[in-house]
Amino acid sequence: MTDVETARAASADAALALDVRGVSKRFGEATVLNSVDFDLRKGEVHALLGENGAGKSTLMNILTGIYAADEGQVAVYEAPARIRSPSDAVALGIGMVHQHFKLVMPFTGRENIRLAAGTARAGSDWATVDARIADVLRLTGLEVDLDVSVSALSVAERQRIEILKALTLGAEILILDEPTAVLTDQEAERLLGLMRDLAGAGHAIVFITHKLREVMAAGDRVSTLRQGRMVMRGRAVTEVTSQALSVAMIGEQETTPIARGASTLGAPLLQVQDLSVRKEGVGVVDGVTLTVHSGEIVGLAGVGGNGQRELAEAVLGLIPSTGSIVLHGSALTDGTVSDRRAQGMRYVPADRTGHALSPNSSLAENLAAAAVRTGQLGHMLISIHAILGFARRLIDAFGIAGATAGGRRPVRLLSGGNAQKSVLARELDDAARLIIAHSPTRGLDVAACRFVHDRLIEATARGAGVLLISEDLEEILALSDHIHVISRGRLATTENAKPGREDIGALMLGHA
């Protein structure tokens, strides 16, 4: 028996699974965590709240061996722990489902889990791993094809693989970073139920979320980080209100959202007729017809993996399709991506790290990429001063925090909310006429979600149209003038242009 296993066995009845004391972390001149205390009890769901950039993911990355703390101590099962690598965390029984997935894209889901199991503390032969996977699938009820390339899966399906991976490795301390962000209401309810079941079986769960109703529904205790400091620690959920949690997260100052008046539809901007996409001989989008008008937000709801990404990419010209695509009255079915962008088509993809940003390039380079391509910053010679000046204007206009060194630092160092602001700053320029926004607020906090929604509303006020693709029903219902549901690559419709939550949920799951 290893020292770790001995400590765990000796503390089998210990109240604390995790005890963090005085942890601090700095990146250059920026202090991301400032003497943070946090504890997690066995058999509980402990919700961790905070705006993007508050330090939640940094704290959890320290606990999983991705970062090293500059100061402080960590105890696991009441035994001092040195977590110097992800392997150390796995050996301690700590597993995390990250907001930005840790998957090898060309591998299948099963291969990813087998690969991760090579660092587990017990047998990692394929038969054993496959048996564990089967057990977890039965326990969770999650459905995902584990035998196709991860690159071919939707964001929601990739997240399910991450959940399966952590549980298959036997995590007793399970950290879930925004696990419901890409799930439907029904799937989220099942996952919250799973968390409660796991806690009841003795697991200790850290639940990072921005959805206060989920905290109230599934959490036992709640802690809140703000600007790297723990401002609320370990309060019983029954003793706090949603209002108190909101104030703890963002402070007393409230940002007034942009009010959206009654929608006045303009001329049709996008007209899609009988659009179909086949992938490896299989139809993934089948005969989709829809219209987006000037000044309108058209919502497209659906469970991840039902053709949303392929539909968006076909309209953008990224993948081949059949059918008709008309923008501003001009046929673009055979047009290139550049042709469509020249006509004002813009894209906010679901995976900002993989498809919208170049993580290792500077923020300034990411912001200026489209302008450089179209010649806005010059043609033959483009000075770094022109790029930095262009980027600074967008940084100021969109309030991109953490953009130190004038935008010269890699964009991967930004928080999720500020990374998404960077995408919006580049895509929502004055020439944007049709915006395809796929899960634009996935993993963002309340303030960042409001910022994104306000920017989309501002765009419609200027006459742009928005195709909003989202698995978040709150977002679809709050913003959309017209709602479609996509299921198995087909649009499901109702007599009502804005069907209710129950009708949408039933159509999303194919039960109607």
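Does segment 470-484 contain any residue that is aliphatic (A, V, I, L, M), modelled with pLDDT of 90 or more and not assigned by TED's automatic domain parsing to the domain that holds residue 179?
There is at least one residue in segment 470-484 that is aliphatic (A, V, I, L, M), modelled with pLDDT of 90 or more and not assigned by TED's automatic domain parsing to the domain that holds residue 179.
Is at least one residue of segment 276-284 more than 16 Å from residue 153 (Cβ to Cβ), in the same structural domain as residue 329 (by TED's automatic domain parsing) and acidic (Asp, Glu)?
Taking segment 276-284 as the starting set, the residues that turn out to be more than 16 Å from residue 153 (Cβ to Cβ) are 276, 278, 281, 283.
Retained after the next criterion (residues that are in the same structural domain as residue 329 (by TED's automatic domain parsing)): 276, 278, 281, 283.
Next, only the ones that are acidic (Asp, Glu) stay: none.
Checked segment 276-284: no residue is more than 16 Å from residue 153 (Cβ to Cβ), in the same structural domain as residue 329 (by TED's automatic domain parsing) and acidic (Asp, Glu).
Scan 196, 213, 221, 226 and give me the residue that is modelled with pLDDT of 95 or more, over 30 Å from residue 325 (Cβ atoms) and either outside the structural domain of residue 478 (by TED's automatic domain parsing) or loosely packed, with under 12 Cβ neighbours inside 10 Å (or both).
Working: 196 fails: modelled with pLDDT of 95 or more; 213 fails: modelled with pLDDT of 95 or more; 226 fails: modelled with pLDDT of 95 or more.
Of the residues listed, the single one that is modelled with pLDDT of 95 or more, over 30 Å from residue 325 (Cβ atoms) and either outside the structural domain of residue 478 (by TED's automatic domain parsing) or loosely packed, with under 12 Cβ neighbours inside 10 Å (or both) is 221.
Inspect all residues belonging to segment 362-369 and state whether any of them is surrounded by 15 or more Cβ atoms within 10 Å (Cβ to Cβ) and of a type in the set (Ser, Thr, Tyr).
yes
Any idea how many residues of segment 356-374 are part of a helix (DSSP H, G or I) and closer than 19 Å to residue 441 by Cβ?
Residues meeting the conditions: 1.
Is segment 330-339 home to any residue that is in contact (Cβ under 8 Å) with a residue 40 or more places away in the chain, among the hydroxyl-bearing types (Ser, Thr, Tyr) and more than 23 Å from residue 187 (Cβ to Cβ)? Let's see the steps before the verdict.
So the first thing to find is which residues in segment 330-339 are in contact (Cβ under 8 Å) with a residue 40 or more places away in the chain, and the list is none.
Among the residues of segment 330-339, not one is in contact (Cβ under 8 Å) with a residue 40 or more places away in the chain, among the hydroxyl-bearing types (Ser, Thr, Tyr) and more than 23 Å from residue 187 (Cβ to Cβ), which makes the answer no.
List every residue pair whose Cβ atoms sit under 6 Å apart, with the two residues 6 or more apart in sequence or on different chains, where the first one lies in segment 398-424 and is at pLDDT below 75 and the second, anywhere, is β-branched (Val, Ile, Thr).
Between residues of segment 398-424 that are at pLDDT below 75 and residues that are β-branched (Val, Ile, Thr), the close pairs are 403/395.
Among the numbered criteria (1) surrounded by fewer than 23 Cβ atoms within 10 Å (Cβ to Cβ); (2) within 25 Å of residue 307 (Cα to Cα); (3) hydrophobic (A, V, I, L, M, F, W, C), which one does residue 451 miss?
In the conditions (1) surrounded by fewer than 23 Cβ atoms within 10 Å (Cβ to Cβ); (2) within 25 Å of residue 307 (Cα to Cα); (3) hydrophobic (A, V, I, L, M, F, W, C), residue 451 misses (2) alone.
Does residue 146 qualify as being farther than 23 Å from residue 16 by Cβ and either in the same structural domain as residue 303 (by TED's automatic domain parsing) or not basic (Lys, Arg) (or both)?
Yes, satisfied.
Got a sec? Which helices (runs of 4 or more DSSP H) wholly within segment 80-152 have at least 2 residues that are without any contact (Cβ under 8 Å) to a residue 12 or more places away in the chain? Walk me through it before giving the result.
Details: elements: 86-91, 109-117, 126-140.
Where helices (runs of 4 or more DSSP H) fall fully within segment 80-152 and carry at least 2 residues being without any contact (Cβ under 8 Å) to a residue 12 or more places away in the chain, they are 109-117, 126-140.
Would you check if residue 413 is within 28 Å of residue 265 (Cα to Cα), of a type in the set (A, V, I, L, M) and out of contact with any helix residue (DSSP H, G or I) (no Cβ under 7 Å at 6 or more places or on another chain)?
Numbers: within 28 Å of residue 265 (Cα to Cα): no; of a type in the set (A, V, I, L, M): yes; out of contact with any helix residue (DSSP H, G or I) (no Cβ under 7 Å at 6 or more places or on another chain): yes.
Against the criterion (within 28 Å of residue 265 (Cα to Cα), of a type in the set (A, V, I, L, M) and out of contact with any helix residue (DSSP H, G or I) (no Cβ under 7 Å at 6 or more places or on another chain)), residue 413 does not qualify.
Quick one: which of 353, 289, 333 is in a loop (DSSP other than H, G, I, E, B) and either of a type in the set (Gly, Ala, Ser) or surrounded by fewer than 22 Cβ atoms within 10 Å (Cβ to Cβ) (or both)?
Working: 353 fails: in a loop (DSSP other than H, G, I, E, B); 289 fails: in a loop (DSSP other than H, G, I, E, B).
One residue alone meets the criteria, 333.
The values are calculated or read from the model by the stated rules, or taken from the named source; none is laboratory data. Everything quoted here is computed from the prediction, not taken from an experiment. Note that each Cβ is placed from the backbone with ideal geometry, even for glycine, and that neighbours are counted across all protein chains shown.
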